[in-house]
Structure formats: C-alpha cells, structure tokens
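Single-structure report; data block below.
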Amino acid sequence: MSKKLSLPAQILIALVLGIAVGLACYFGGFADLTTNYLKPFGDIFVNLLKFIVVPVVLLSMIDGILSMNDMRKVGTVGVKTVAYFLVTTAIACVIGLVFANIFKSAGLFPILDPEGAEYEAKEFSGFMSTLVSIFPTNMWKSFTDANMLQVIVISLFFGGSILAAGEKAKLCRDFVSSAYAVIEKLMGFIISLAPIGVFTYMAWVVATQGSEILVSLLLVIACAYLGYIVHAVVVYSASAQVFAGMSPVRFFKGAFAAMVFAFTSTSSAATLPVSKECAAELGAEDDIAAFVLPLGSTINMDGTAIYQCVATVFIASCAGIHLTIGQMVIVVVTATLASIGTAGVSGAGMIMLAMVLEALGIPVAYIGLIVAVDRIFDMGRTCLNVTGDIACSICVTKWEGKKK
Ligand code: ASP
C-alpha cells in the first residue's frame with residue numbers, strides 16, 4: 001500500500017464518500033451539520049482557489065504570449081480559439097432548445113404556479129457599456145475585484161508590449177517566468193487539497209437539496225443534463241476525435257479530474273488550475289493552454305447556454321407563453337451573448353438568465369421558480385463549461401500543428 005493514489009482517483013473516492021455522507025445526513029435529518037461543519041472546509045478550499053486565480057490568469061497568459069514569441073501567432077491562436085468557442089456555443093443553444101421543446105411537447109415540464117416566485121434581477125447594462133467595461137481604468141482594481149475579462153485584457157497588453165520591447169524587456173520576461181514558476185508550485189499544493197473540497201461540498205449539496213422541490217423539478221433538471229451530456233459527447237469528444245484523433249475514452253479520462261472538480265465547485269475560474277493539469281495531460285501545448293483556458297473559463301460557457309435555453313422554455317411554459325420560431329432565434333442570440341458575459345463563478349449563469357428573459361418580455365421574477373435548485377443546474381453546466389475549454393485547447397494545439 002505504499003503507492004499513493006492518483007489525484008483523479010482521490011477525487012472520485014471523495015465524490016462517492018460525499019454523496020454517501022450527504023444521503024445519510026439528509027435521511028437522518030442532519031443537513032444542518034453539513035452546512036455548519038463540512039461546508040466551511042469546502043469554502044476554505046474555494047477561497048484558496050479564488051485567491052490564486054488572478055495571479056494564475058495574469059502570469060499564465062503573459063507567459064503563454066511570451067512563449068509564442070510572435071504577436072501574429074497570438075492573433076491566429078486567438079482567432080481559432082474564439083471561433084471554436086462561438087460555434088460550439090451556438091450549437092449548445094440549439095441542443096438546449098431542441099431538448100426543452102421535446103420535453104415541453106411531451107408534457108414533461110411540470111407547470112409550477114408562478115405565484116410566489118420571487119427573484120430580483122440585477123440590471124443588465126447593455127452590450128456597448130459591457131464592451132467598454134472590459135477595458136480597465138485602474139488595473140489594481142481589476143485585480144482586487146477579480147474582474148477576469150479586465151485581467152485578460154491587461155495580460156494581452158502587457159504580453160504584447162513585452163514582446164514589442166524586445167531585448168530591453170529581458171528583465172520583465174525573466175520576472176514573469178520566475179513568478180509563474182512560483183505560482184505553479186503554489187497551485188500544485190492547492191490542487192492536492194481538491195479531494196477535501198469535493199467531499200465536503202458534495203455532502204453538503206446532497207444533504208441540503210434532497211427536498212421535495214428537487215423531485216418536482218427533476219424533469220427540468222433531467223432535460224438540462226441530457227443537453228449537457230449530448231453536447232459533451234457529440235461536440236467536445238467528437239471534436240477532439242476529429243481534429244486531434246483522440247478517442248472519447250481517452251478524452252474524458254484525461255479531463256475527468258477537472259470535470260469532477262467543476263461539478264462540485266461550480267466555478268470555472270476556480271477550476272482553472274485543475275483544467276491546466278488535465279489539458280497538459282491530454283497533450284495540449286503549454287503556451288496554447290495558457291492562453292485558451294483562462295479565456296475559456298471567462299467567456300466559453302456552453303453549459304450555461306444550454307441551461308439558459310432550457311430554463312427559458314420552461315419558465316415561458318409556466319407563464320403560459322408559447323415561444324415562436326422568431327423568439328427561439330432571439331433565445332439563441334441572447335443566450336450566446338449572456339453565456340459569454342457570464343462570469344466563471346458559482347451562480348453567475350442564473351443572473352444572466354435575466355437578460356434572456358428580458359429580451360423576450362418574460363417577467364424576470366419567474367426565475368424564482370428555479371432558484372432553489374440552481375446549484376444542481378450549476379454543477380452540470382460548470383462541468384460542461386470546463387470540458388469545453390479543455391477540448392478547445394486540444395483542438396487549437398492540433399490546428400497549430402503542435403501535437404506530437
Ligand atoms: N458556474 C458557472 C461557471 O463557473 C457559470 C454559471 O453559473 O453558469 O462556469
């Protein structure tokens with residue numbers, strides 16, 4: 001028994017144990033115990049991940065740009081990455097809408113009473129002002145707010161400028177690679193604590209969410225999960241197979257640790273360090289993964305897009321609204337934009353759902369119908385979001401001709 005279990009194996013065991021303990025607490029009536037004594041340890045772990053995520057994104061992106069050594073290469077990788085993100089997100093919306101409509105036509109969506117549904121929407125400030133807000137006025141504020149889009153813009157500017165400054169920037173280059181090496185060590189340590197986070201969060205979710213609401217919403221949740229699974233298999237593993245010649249088994253096995261971690265932490269940003277390990281294990285080139293993954297964890301949210309489409313059709317049906325084909329097109333466009341605007345943190349996708357509902361004139365307060373089970377949706381959508389980032393890093397590596 002001297003051989004240490006691998007991290008994915010530890011995570012799997014933590015997952016199973018967490019479910020078992022959660023079920024025991026749920027049926028034994030000890031749900032509070034998990035909230036009071038287990039969840040805080042999960043919180044500590046997620047705090048550690050959040051604390052490291054800004055330096056990881058900043059340094060890994062600058063380091064990635066520097067190792068490409070050429071701004072034109074950054075441009076081609078960027079274009080391919082964004083193209084992959086946009087195409088897969090649009091497909092995700094279609095998958096979400098198809099499944100939601102099948103469920104609705106089959107009468108499988110429970111019609112909940114919108115009375116009593118309460119949810120106060122955050123204001124969505126519009127596309128142009130969102131665009132403007134991506135550009136920071138004070139970079140320290142971007143760091144302290146962990147505003148990832150701004151951190152990415154800062155990384156692009158600094159990475160590009162260090163390249164442009166050539167020889168004179170040698171000190172900066174060395175500083176970035178040395179600081180990144182330190183952050184990688186720290187990241188490795190924090191990741192090794194992942195099984196604790198997975199166990200405690202899983203026990204807490206199972207113990208607290210196993211209530212009747214879950215049963216009545218089970219079909220809507222099942223619909224979203226079907227969409228997540230189909231997208232993961234048909235789009236991600238297929239693209240890894242077609243473009244990188246990687247078998248689905250190999251793909252999912254390699255991405256497993258990040259998928260489980262995303263599933264339990266419900267944060268793409270917090271999962272970033274684990275995704276990096278998985279992408280490297282699957283053969284993604286370091287400099288490409290360093291560029292694709294942070295960007296993906298911020299703007300590539302196909303799970304969120306599927307959830308938003310399913311939730312919109314469900315909420316419309318509860319409100320007695322029948323969506324026309326034209327309105328479905330609006331759903332695809334707004335859910336694509338909303339998913340891009342969704343931050344890679346827990347629960348963000350539900351906040352952006354308000355934007356899709358508003359575009360259709362559906363009262364946003366109806367989100368209250370599903371708010372109680374959002375975490376269950378969130379677990380699956382975050383898992384899919386992260387899987388998409390890893391698949392993209394493998395495909396772009398291949399397109400850049402770098403995979404051995
Ligand atoms: N939690 C998701 C993520 O981090 C975002 C969402 O809420 O949809 O990827």
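ALA284 falls short on exactly one of the conditions (1) away from the ligand (no atom under 16 Å from the Cβ); (2) in a helix (DSSP H, G or I), and that condition is (2).
Let's see how each residue does on (1) under 19 Å from CYS383 (Cβ atoms); (2) of a type in the set (S, T, N, Q); (3) away from the ligand (no atom under 15 Å from the Cβ); (4) under 14 Å from the mean Cα position of the chain (by Cα):
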residue: PRO273; (1), (2), (3), (4): yes, no, no, yes
residue: ALA279; (1), (2), (3), (4): yes, no, yes, no
residue: ILE288; (1), (2), (3), (4): no, no, yes, no
residue: ILE315; (1), (2), (3), (4): no, no, yes, no
residue: CYS318; (1), (2), (3), (4): no, no, yes, no
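Just name the residue that is farthest from VAL151 (Cα to Cα) out of those in segment 326-341 that are within 12 Å of the ligand (Cβ to nearest atom) and at pLDDT 80 or above. Looking at residues that are within 12 Å of the ligand (Cβ to nearest atom) and at pLDDT 80 or above, I get ALA335.
Checking the structure you have, find out if any residue of segment 320-332 is buried (at least 24 other Cβ atoms within 10 Å of the Cβ), at negative phi and not aromatic (Phe, Trp, Tyr). Checked against the condition, which is being buried (at least 24 other Cβ atoms within 10 Å of the Cβ), at negative phi and not aromatic (Phe, Trp, Tyr), segment 320-332 yields at least one hit.
Being under 19 Å from ALA365 (Cα atoms) and either more than 10 Å from the ligand (Cβ to nearest atom) or surrounded by fewer than 24 Cβ atoms within 10 Å (Cβ to Cβ) (or both), is that true of even one residue in segment 297-310? Within segment 297-310, one or more residues are under 19 Å from ALA365 (Cα atoms) and either more than 10 Å from the ligand (Cβ to nearest atom) or surrounded by fewer than 24 Cβ atoms within 10 Å (Cβ to Cβ) (or both). It is to be established whether one or more residues within segment 369-384 are more than 16 Å from the ligand (Cβ to nearest atom), in contact with a Pro (Cβ under 8 Å, 6 or more places away or on another chain) and not in a loop (DSSP other than H, G, I, E, B). Yes, the conditions are met somewhere in segment 369-384.
Taken over segment 67-90, the criterion of being over 21 Å from SER275 (Cβ atoms) and part of a helix (DSSP H, G or I) is satisfied by MET71, ARG72, LYS73, GLY75, THR76, VAL79, ALA90.
Of the residues GLY42, GLY22, only one is small (Gly, Ala, Ser), within 20 Å of the chain's Cα centre (by Cα) and within 12 Å of TYR201 (Cα to Cα); which? When all the criteria are applied, what remains is GLY42. Only one entry in PHE41, PHE27 is in a helix (DSSP H, G or I) and either touching a Cys at 6+ places or on another chain (Cβ under 9 Å) or under 16 Å from GLN209 (Cβ atoms) (or both), namely PHE27. Scan segment 276-305 and report the pairs whose first residue is in contact (Cβ under 8 Å) with a residue 40 or more places away in the chain and whose second residue is of a type in the set (Ser, Thr, Tyr) and within 10 Å of the ligand (Cβ to nearest atom), with Cβ atoms within less than 6 Å and a gap of 6+ or a chain change. Matching pairs, first to second residue: SER297/SER268; MET301/SER339; MET301/THR342; THR304/SER339; THR304/THR342; ALA305/SER339.
The values are calculated or read from the model by the stated rules, or taken from the named source; none is laboratory data. Note that the coordinates shown come from a computational prediction; the quantities given were computed from them, not determined experimentally. Glycine also receives a Cβ, built like all others from the backbone with ideal geometry; neighbour counts cover every protein chain displayed.
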